[in-house]
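Worksheet for the structure shown next.
The values are calculated or read from the model by the stated rules, or taken from the named source; none is laboratory data. Note that the structure is a prediction, hence the values are computed from the model and not measured. Using ideal geometry, Cβ is built from the backbone for each residue, glycine included, and neighbour counts are taken over all protein chains shown.
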Amino acid sequence: MSEAEEARAERRRWITLAEGVAVAGVVIGGLTLWNNVSERRTADAERAAERASSAKARAALAIVATPDGGGERLVLSAPDRRIERIEVTFPPVLKVAPQSAVGDVAIAADWIRAPVLAITDGGADAIEGRLPVAITATWWDGDRQRQSGAIYDLVFATHGRLVGGRSLALKALARREAATGGVARRLDTLWARELGRLAG
């Protein structure tokens with residue numbers, strides 16, 4: 001082999017080596033880019049989950065019910081916000097129209113007294129029952145209006161009286177479950193179970 005051929009072969013080896021280094025550089029660059037994009041997507045997903053969790057926490061509402069007027073009403077409040085309005089939906093079988101309260105948010109015993117006493121008549125005078133209701137509460141979070149809805153047990157008690165038949169008083173409110181689709185049917189189902197329990 002002549003010196004010229006050896007020189008050409010040497011140059012080809014260097015070119016092949018340079019091409020290999022270039023290809024390796026492209027592969028490493030591609031892997032680095034893919035890794036960066038993957039990390040960015042993961043970070044974006046984590047931030048979105050944190051925002052959703054924070055929004056959900058702000059939307060959650062812990063309602064506190066305080067009996068007032070000897071059980072004539074339950075005054076509703078929340079520990080960390082002021083409830084502006086409530087909308088209360090009753091089991092359709094009760095035939096009570098949805099009721100609302102604004103400002104002074106409270107559930108009145110008058111809303112349910114007549115139908116509940118009529119339905120529970122014929123048994124013991126003194127009973128304690130739970131009427132399932134759907135409550136949607138509205139409040140302001142800064143300049144944004146928010147709502148929270150759930151199904152609650154409205155705890156009531158009846159007592160016999162010497163004159164005027166039985167009386168009904170509201171005692172408490174207990175969250176039962178989230179309000180999802182088919183609330184009316186769910187309220188009727190829960191109320192039917194409660195009536196079965198009271199009758200038993």
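Things worth noting here:
- Summed over the stretch 85-111, the residues that are modelled with pLDDT of 95 or more, more than 12 Å from T138 (Cα to Cα) and among the acidic types (D, E) give a count of 1.
- Selected residue (only one of T136, T180 is in contact with a strand residue (DSSP E or B) (Cβ under 6 Å, 6 or more places away or on another chain) and not in a helix (DSSP H, G or I)): T136
One line per residue, one yes/no per condition, for (1) among the aliphatic types (A, V, I, L, M); (2) surrounded by 16 or more Cβ atoms within 10 Å (Cβ to Cβ); (3) in contact with a Cys (Cβ under 7 Å, 6 or more places away or on another chain); (4) at pLDDT 90 or above:
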| position | (1), (2), (3), (4) |
| --- | --- |
| A45 | yes, no, no, no |
| E50 | no, no, no, no |
| A57 | yes, no, no, no |
| L61 | yes, yes, no, no |
| A65 | yes, yes, no, yes |
| I83 | yes, yes, no, yes |
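- Qualifying positions in the stretch 92-138 - farther than 18 Å from L61 by Cβ and among the β-branched types (V, I, T): V93, V96, I112, V116, I119, T120, I127
- Taken together, I135, I86 contain a single residue that is out of contact with any Phe, Trp or Tyr (no Cβ under 9 Å at 6 or more places or on another chain), among the β-branched types (V, I, T) and closer than 16 Å to A65 by Cα, which is I86.
- Among the residues listed as A114, A118, A157, the single one being closer than 17 Å to G196 by Cα, out of contact with any strand residue (DSSP E or B) (no Cβ under 8 Å at 6 or more places or on another chain) and modelled with pLDDT of 90 or more: A118
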